[in-house]
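Have a look at the structure below, then the notes.
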Amino acid sequence: MSALILDGKAIAKRLQADIAQQVEDLKASQNTTPGLAAVLVGANPASQMYVKMKRNRCAEVGMASFLHEIPAEISQEELEAKIRQIGDDPNVHGILVQLPLPDHIDAEGVMQAIPMHKDVDGFHPVNIGRLAMKGKEPLFIPATPFGCLHLLQEAESLVDDFQISGSNALVIGRSNIVGMPMALLLVKANATVTVAHSRTKDIQAVVEQSDIVIGAVGRPGMVKGEWFKPGAVAIDVATVKVDDPSAKKGYRWAGDFEYEAAQERVAAITPVPGGVGPMTIAMLLKNTLRAAQATFEN
Ligand code: GUN
């Protein structure tokens, strides 16, 4: 069986075109440009790159973005005060505090300083709490799990007999940013969810039973191709740079799944790179647009 490749890059591009149109509409109807504030604490090169990519994509869809670069030595109180000050700016509809934060900073306190209606990353404890509560909806869903859900919904429309509702879904990894909110989101979508992690005794046995597998660990090739249940849908969040002397650049990007071997068994799979990655920023833009639109509702 040859698997359907879930082309996140193409899907994100389509989403972005739709977002750009809605940004135009909001400008025309309300004279308002959606604005995202990006808060970067310290000089982590990966974080700098992610924030740059997010700001570039804002520009592509016609959104404003505001960069706040803050020294790593800032105190908890000063950082929270700064976030509250940014939150008071009516031109800012969404606030993104790039993680990880320096060790002396309590991230939960910082997230709480973000006004709920501007929490476009969905990391405010109340938003996460609502994700976990039956009958409640968060104002914003964290971007990476939201992107994975969108890819699964795409698979629903393209793969015969595949439905999220009623499926056995496995999330490997339990981080606050991806694994845990992903598991909660899948429960909301009526899947039967297992969360596997470093203490799980037999990951292979759980993978073999799963209709959906989400890899969110960052250990290249840890899920073997032959473990997948035939017809499963495989979503790989991990993107790890690995040395590869046979590659032109001397390295390649790898995910948690053995990609080629998995393709032989699954019904649909995300490539790495070009799967989940591009979807994450598209969902952040979607959340920011939603935040701006909501200021004109009711
Ligand atoms: N660091 C890694 N992923 C994310 C994300 O989705 N949002 C933020 N703010 N920081 C991150």
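The values are calculated or read from the model by the stated rules, or taken from the named source; none is laboratory data. These numbers come from a predicted model, not from an experiment. We place every Cβ from the backbone using ideal geometry, glycine too, and count neighbours over all the protein chains shown.
In this structure, is Glu156 more than 18 Å from Ala282 (Cβ to Cβ), away from the ligand (no atom under 16 Å from the Cβ) and in a helix (DSSP H, G or I)?
Working: more than 18 Å from Ala282 (Cβ to Cβ): yes; away from the ligand (no atom under 16 Å from the Cβ): yes; in a helix (DSSP H, G or I): yes.
It is true that Glu156 is more than 18 Å from Ala282 (Cβ to Cβ), away from the ligand (no atom under 16 Å from the Cβ) and in a helix (DSSP H, G or I).
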(message) Which numbered condition in (1) away from the ligand (no atom under 16 Å from the Cβ); (2) surrounded by 15 or more Cβ atoms within 10 Å (Cβ to Cβ); (3) among the basic types (Lys, Arg) is the only one that Arg199 fails?
(response) (2)
(request) Please find, within segment 112-137, the residue that is nearest to the ligand (Cβ to nearest atom) out of those that are in contact (Cβ under 8 Å) with a residue 60 or more places away in the chain and either buried (at least 19 other Cβ atoms within 10 Å of the Cβ) or under 18 Å from the mean Cα position of the chain (by Cα) (or both). (result) Asp121
(message) I need the full set of residues from segment 200-229 which are touching a residue at least 24 places away in the same chain (Cβ under 8 Å) and of a type in the set (Lys, Arg), in order please.
(response) Arg219, Lys224, Lys229
(message) Please pick out the residue among Val193, Val233 that is under 21 Å from the mean Cα position of the chain (by Cα), over 24 Å from Glu260 (Cβ atoms) and at pLDDT 95 or above.
(response) Val193
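Considering only residues that are surrounded by fewer than 19 Cβ atoms within 10 Å (Cβ to Cβ), part of a loop (DSSP other than H, G, I, E, B) and touching a residue at least 40 places away in the same chain (Cβ under 8 Å), which ones fall in segment 161-172?
At the first step, the residues of segment 161-172 found to be surrounded by fewer than 19 Cβ atoms within 10 Å (Cβ to Cβ) are 161, 163, 165-166, 168.
From the residues that got through so far, the ones that are part of a loop (DSSP other than H, G, I, E, B) too are 161, 163, 165-166.
Once the filter is applied, which keeps residues that are surrounded by fewer than 19 Cβ atoms within 10 Å (Cβ to Cβ), part of a loop (DSSP other than H, G, I, E, B) and touching a residue at least 40 places away in the same chain (Cβ under 8 Å), segment 161-172 yields only Asp161.
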(message) Can you tell me how many residues within segment 228-287 are of a type in the set (S, T, N, Q) and more than 16 Å from the ligand (Cβ to nearest atom)?
(response) 3
(message) Restricting to segment 34-80, name every residue that is surrounded by 13 or more Cβ atoms within 10 Å (Cβ to Cβ), within 23 Å of Gln21 (Cβ to Cβ) and among the polar types (S, T, N, Q).
(response) Ser65
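May I ask you to list the residues in segment 1-20 that are among the polar types (S, T, N, Q) and loosely packed, with under 12 Cβ neighbours inside 10 Å? If you could, list the steps in order and put the result at the bottom.
Pass one, segment 1-20, residues among the polar types (S, T, N, Q): 2, 16.
Scanning segment 1-20 gives a single hit, Ser2.
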(request) Please state which of the following conditions Ala38 fails to meet, knowing it meets all the rest: (1) within 13 Å of the ligand (Cβ to nearest atom); (2) over 21 Å from His93 (Cβ atoms). (result) (2)
